[in-house]
Amino acid sequence: MTMSVNESVTNRLRTAALVCVDAITYALVVTAGATIVALVLGIATGGGFVRAKVILFLGGGLLMAYATIRLWPSSPSDLESDSIPAAHDETRFQSFVQSIPPVRWLQPPPPEHRLTVPGKLFLGSIFVLLASYLMEAVFGVT
């Protein structure tokens, strides 16, 4: 039995949407956690929101560096491999993210199509830096 072109396109679009929802939810949870930690540290150390913004910026930069190092291939053969990377191993944080709506209501994308954990961390680092920027540009924290 062969799939029609419409079914094939629909399946690919559904898989792409699931991958995006999975990655964005992971990145938003990372951003929320980093923002809460930065706010607590900023207020606890007497620097208020200004220090929280700086902590968020520095944390986003460190997270981006860590994710970049994890994404970097260790050898040229890593680029030629067709196998699923070991980065898809289920972590406790990933399990926690999978229990948060809307991800928990959806079937997870197939492992070979999922974004790796370092890729999701990189996306999260961009969101953390964006949160730091929004604190300054939108909310006037200077």
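The values are calculated or read from the model by the stated rules, or taken from the named source; none is laboratory data. Note that the structure is a prediction, hence the values are computed from the model and not measured. Backbone-built Cβ (ideal geometry, glycine too); neighbour counts: all protein chains shown. Only protein heavy atoms, including side chains, enter the accessible area calculation; ligands, DNA and RNA are left aside. Shrake-Rupley method; radii C 1.70, N 1.55, O 1.52, S 1.80 Å.
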**Request:** Can you send over the solvent-accessible area of residue 35, 1.4 Å probe, protein chains only, in Å² to the nearest 10?
**Result:** 40 Å²
**Fill in**
Taking a probe of 1.4 Å and leaving out DNA, RNA and ligands, region 49-142 shows per residue an accessible area in Å² of 67 Å²
**Item:** Highest-MSF residue in the chain out of 125, 95, 77 [GNM, Cα springs under 10 Å]
**Value:** 77
**Sum of -39500 (n - 2.57) over DSSP H runs of 4+, divided by residues of the chain (222 nm, nearest 500)** = -23500 deg cm²/dmol
**Asked** By how many degrees, 0 to 90 and rounded to 10, does the Cα axis of helix 48-71 deviate from the longest principal axis of the chain?
**Response** 30 degrees
**Message:** Angle check, please: helix 117-137 long axis (alpha carbons) against the longest principal axis of the chain (alpha carbons), in degrees 0 to 90, nearest 10.
**Reply:** 40 degrees
**Prompt:** Taking only C-alpha pairs under 8 Å that are 6+ residues apart, what is the relative contact order of the chain in percent?
**Reply:** 43 percent
**Prompt:** If you line up the long axis of helix 5-44 against the longest principal axis of the chain, both from Cα atoms, how many degrees apart are they, to the nearest 10?
**Reply:** 20 degrees
**Complete:** Taking GluC sites (Glu not before Pro) in a DSSP loop with at most 11 other Cβ atoms within 10 angstrom as exposed, one finds the longest site-free stretch of the chain at 1-89
**Message:** I'd like the carbon and sulfur percentage of the solvent accessible area for the chain, probe radius 1.4 Å, heavy atoms only, ligands and nucleic acids excluded.
**Reply:** 69 percent
